[in-house]
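Notes follow the structure.
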Amino acid sequence: MKPIPKNEQRALVDRLMRACGASYTPEQRRKYFISGPQWAAAYEGQALFHAPTRKPVGFEDVIRNYAEIGIGYWSTHDTDVIPPDALFTPEQDVVVERISRVLRETGVKCSMVTTETFFHAVFAAGPAAESPAVREYAAARLCNTVKIGHQLGAQFAVYWPGSLGYQIQGAVEETQTLRWYAEALNAACQADLELSKQYNRAVLKHCLEAKPFEPQAEILLPTSDAMLAFIHSGLLQHPEMVGLNPEYLHELMWGAAPRAALARALLAGKLWHFDINDGYRLKHDVDIAVGLVNPLDWLNVLVLLRSHGYHGPFNLDYKPPRTTSNYGVFAVSFPTAVDRFITLWEMAGEVLEDSVLKEATEALKAGGPVSDPKNVREITEANQELLTLHELIGHRIFQILVGMHKDRRYFV
């Protein structure tokens, strides 16, 4: 094959995207509560060992491209769109008004705001550092983000305390650090109670996001289960205002089953927001787009969420690969991520309605007949054949994933 001239490369990408087929229209995509983060689309490819591979993208371009794709919601960190030195100044109001204008023009809604408490040098010792001035600044940042959320019409505020931990053992006293962190969340919730009255809006849903490692060597709230314990520790003045934003990959990173973590959050009534992506167990935070690594696991996750009536946001918290161009971010990466999610979500509906799966699961729940409920041998033998249905269920879900339930086969 001859080298492809630069001026023909986008046309090639577009042609092959059309050849892939099976895409959804922007109108179909907007039916789902899918949010696109500012930081994901504006990611330039940089990392600890990586130089940037893409040019910067501003929020106007991100929001307009999301609207064209059919992503109906947008989310952001405060400093994704407002320089740190401009926070708390009139310049912040100017930026917020610019964002509001482009949201109105495009019909995209702001679903979630979050505070960056990990990148800036002021957070070198974390948002709950020993210095009272650092803690006071962190709390002010959280309260300010709540205000921005109300101004932009957001429903959710998310907190990722990624630098809440330590590099050196003995450097912090963990219980005190957690108390200090709770003080900042208490300030944010109290500010929300006051701001919601000022703006005549419902209070935000405040969601905690856990991550087992990175950037600190040891994280104090590394898992969704740890976050649940923290919410109910007695340190929060308004625990009813605080729930979870689990991230699929963050649970997978430490070897957990994301579906099980989500189930525990559902039982606690705290699954309010969900960051969706993909990746690998016991690896770093690669943030691959949903369904590219673990499609079968993702199908099972969505079966769980559909069966429990989850109606919260699905936030596309992934990083387009460094190999993808600026053009490709919006021409390929985000449309295909959304389309894989929609397909898996609708497949989950097929799983829940499948007659084979219904009969198999009901049979397992019914169990085999026994005459003596204390006769362990009789109970074991009564259920022994039924337990084979576990594997049959797994096969049937795989069939739905690849279309075999519609008699898709390869003839050899």
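The values are calculated or read from the model by the stated rules, or taken from the named source; none is laboratory data. Everything quoted here is computed from the prediction, not taken from an experiment. Here the Cβ is made from the backbone with ideal geometry for all residues, glycine too, and neighbour counts use every protein chain on show.
Just a few scattered comments:
Rundown of residues vs (1) acidic (Asp, Glu); (2) part of a helix (DSSP H, G or I), yes/no style:
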position	(1), (2)
Ala133	no, yes
Ala140	no, yes
Val172	no, no
Glu194	yes, yes
Asn200	no, no
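- The set of residues from segment 106-122 being in a helix (DSSP H, G or I) and either under 28 Å from Phe314 (Cβ atoms) or not assigned by TED's automatic domain parsing to the domain that holds Gly70 (or both) comprises just one member, Thr106.
- Checked against (1) of a type outside the set (Phe, Trp, Tyr); (2) under 19 Å from the mean Cα position of the chain (by Cα); (3) under 19 Å from Ser100 (Cβ atoms), Ala67 passes all but condition (2).
- Each residue in segment 278-314 was checked for being crowded, with 20+ Cβ neighbours inside 10 Å, touching a strand residue (DSSP E or B) at 6+ places or on another chain (Cβ under 8 Å) and not small (Gly, Ala, Ser), and 7 pass.
- Counting only helices (runs of 4 or more DSSP H) wholly contained in segment 293-367, the ones carrying 1 or more residues that are among the hydrophobic types (A, V, I, L, M, F, W, C) and over 22 Å from Ala260 (Cβ atoms) occupy 334-353, 355-366.
- Segment 132-172: number of residues that are more than 21 Å from Phe314 (Cα to Cα), polar (S, T, N, Q) and crowded, with 20+ Cβ neighbours inside 10 Å: 1
- Taken over segment 70-97, the criterion of being touching a Phe, Trp or Tyr at 6+ places or on another chain (Cβ under 8 Å) and in a helix (DSSP H, G or I) is satisfied by Thr79, Asp80, Val81.
- Whenever a residue of segment 250-269 is without any contact (Cβ under 8 Å) to a residue 40 or more places away in the chain, its partners that are buried (at least 16 other Cβ atoms within 10 Å of the Cβ) and of a type in the set (Ser, Thr, Tyr), lying with C-beta atoms within less than 6 angstrom and at least six residues away or across chains, give the pairs Ala261/Ser224.
- Selected residue [outside the structural domain of Arg322 (by TED's automatic domain parsing) and polar (S, T, N, Q)] from Thr361, Thr343: Thr361
- Check on Asp317, in the same structural domain as Ser75 (by TED's automatic domain parsing), touching a strand residue (DSSP E or B) at 6+ places or on another chain (Cβ under 9 Å) and on the phi > 0 side of the Ramachandran plot: no
- Screening segment 235-267 for residues that are part of a strand (DSSP E or B) and under 16 Å from the mean Cα position of the chain (by Cα) and picking the one that is surrounded by the fewest Cβ atoms within 10 Å (Cβ to Cβ) gives Gly243.
- All conditions but one from (1) outside the structural domain of Gly153 (by TED's automatic domain parsing); (2) closer than 21 Å to Asn277 by Cβ apply to Ala19; the one that does not is (2).
- Residue count for segment 5-46, restricted to those that are surrounded by 13 or more Cβ atoms within 10 Å (Cβ to Cβ) and in contact (Cβ under 8 Å) with a residue 40 or more places away in the chain: 22
- Qualifying residue in segment 166-174 (condition: in contact with a helix residue (DSSP H, G or I) (Cβ under 8 Å, 6 or more places away or on another chain) and farther than 22 Å from Phe230 by Cα): no
- In the set Gly149, Gly162, only one residue is within 20 Å of the chain's Cα centre (by Cα) and assigned to a loop (DSSP other than H, G, I, E, B); that residue is Gly162.
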